[in-house]
Amino acid sequence: MAIPEPTAQGLAPFGEWRTWYRVTGDLDSPKAPLVVLHGGPGAAHDYTLRIARLAERGRPVVHYDQIGVGLSTHLPEKGADFWTVGLFLDELDNLLAHLGIAGRYHVLGQSWGGMLAAEHAVRVPSGLRGLVIANSPASMELWREECDRLRSELPPDVERTLREHEAAGTTDSAEYRAAEKVFNARHVCTIVPNPPEVLASDAKTAEDPTVYHTMNGPSEFHVVGTLKDWSVVDRLDKIAAPTLLVSGRNDEATPRTVQPFVDRIPDVRWELFEHSSHMPHIEEEERYLQIVGDFLDSTD
């Protein structure tokens, strides 16, 4: 199905910067709006756009580019001390206030966006009606351990290429990027070639990799950035909103990385997509929209 056109777009002032956003549907709808937090960090919103189809059910959907990527303000001169979880939490709060929806909304975070969504939810915002954590680890220690395990299952020559270039600091090489694609085709998006909206996000990260390289690292599975020791595990019991946990059978966010969400969030249900990796919103689009849509309807 085609991605719906936005009904509104704009730039929300965020201090001296700007956050670009788009709305699909009517923010005055009886159904509380869904705000979608993209991954990366620094991956741009494009690859999550199929989720805008939830507007077909009468629910307004807000997408935005987090600061540092896409159509929002770029700050390539900023260092690691600037790019913090707190910065992105403040940006989300600012956008909710700008749109006038802070009193009643849902959040869906994908990958890094789910980590950010969990951080938002543990603060128990009064307007949060429902939370969807999609394809996200509860800690980066678990993520790194599981990525190492998944890497060990790659063809030996691919894994050797990855290790050699990581050791040499040549992760920008064509050879490393080719080997990276083998992992991604198994555990990030199994639809190859990737759909246009995925390629669009990838291109925007490549155009300005400041946030991704600073907070994550050069690839999904070589996490050497400032998030490498991040964890929300010991705070998950604070989440008061009903929560839907989503992951794929072949996801780089493996069952082990998401288990703490299941164990510690008081009101949580887990949907494992058997024919997906990291992007079930694309790999099993219709089922994903049905399950997420039904969950949101149940928590309005």
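Read through the list (1) surrounded by fewer than 23 Cβ atoms within 10 Å (Cβ to Cβ); (2) at pLDDT 95 or above, then give the number of the only condition that I265 fails.
Going through (1) surrounded by fewer than 23 Cβ atoms within 10 Å (Cβ to Cβ); (2) at pLDDT 95 or above one by one, I265 breaks only (1).
Inspect all residues belonging to the range 58-71 and state whether any of them is of a type in the set (G, A, S), at negative phi and surrounded by fewer than 22 Cβ atoms within 10 Å (Cβ to Cβ). If you could, list the steps in order and put the result at the bottom.
Taking the range 58-71 and keeping what is of a type in the set (G, A, S), we get 58, 68, 70.
Cutting the leftovers down to at negative phi gives us none.
Within the range 58-71, none of the residues are of a type in the set (G, A, S), at negative phi and surrounded by fewer than 22 Cβ atoms within 10 Å (Cβ to Cβ).
Would you mind stating whether S277 is surrounded by 20 or more Cβ atoms within 10 Å (Cβ to Cβ), hydroxyl-bearing (S, T, Y) and touching an Asp or Glu at 6+ places or on another chain (Cβ under 8 Å)?
In short, yes.
Going through the range 10-50 one residue at a time, which ones are in contact with a Ser or Thr (Cβ under 9 Å, 6 or more places away or on another chain), surrounded by 19 or more Cβ atoms within 10 Å (Cβ to Cβ) and more than 24 Å from H74 (Cβ to Cβ)?
T24, G25, A32
Within the range 174-238, which helices (runs of 4 or more DSSP H) (wholly inside it) include 2 or more residues that are at pLDDT 95 or above and acidic (D, E)?
196-207
Could you list, in sequence order, all residues of the range 206-241 that are open to solvent by less than 20 Å² (accessible area, probe 1.4 Å) and polar (S, T, N, Q)?
N216, S219
Within the range 105-142, how many residues turn out to be open to solvent by less than 10 Å² (accessible area, probe 1.4 Å), farther than 24 Å from P30 by Cα and part of a loop (DSSP other than H, G, I, E, B)?
Residues that pass the stated criteria total 4.
Which residue pairs have Cβ atoms closer than 6 Å, lie 6 or more positions apart in sequence or on different chains, and pair a first residue in the range 3-22 that is over 15 Å from I51 (Cβ atoms) with a second residue that is crowded, with 18+ Cβ neighbours inside 10 Å and of a type in the set (D, E, K, R)?
Q9/R22; F14/E91; T19/E91; W20/D65
Considering only residues that are touching a Ser or Thr at 6+ places or on another chain (Cβ under 7 Å), open to solvent by less than 10 Å² (accessible area, probe 1.4 Å) and of a type in the set (A, V, I, L, M), which ones fall in the range 76-104?
The one that is touching a Ser or Thr at 6+ places or on another chain (Cβ under 7 Å), open to solvent by less than 10 Å² (accessible area, probe 1.4 Å) and of a type in the set (A, V, I, L, M): L95.
Are any residues in the range 177-205 within 25 Å of A117 (Cβ to Cβ), among the small types (G, A, S) and open to solvent by less than 30 Å² (accessible area, probe 1.4 Å), and if so, which ones?
S201
The values are calculated or read from the model by the stated rules, or taken from the named source; none is laboratory data. Here the structure is a predicted model, which means the values were calculated and not measured. Positions of Cβ are backbone-derived with ideal geometry, glycine not excepted, and every protein chain shown enters the neighbour counts. Surface areas here come from the heavy atoms of the whole protein model, side chains and all, with no ligands, DNA or RNA. Shrake-Rupley method; radii C 1.70, N 1.55, O 1.52, S 1.80 Å.
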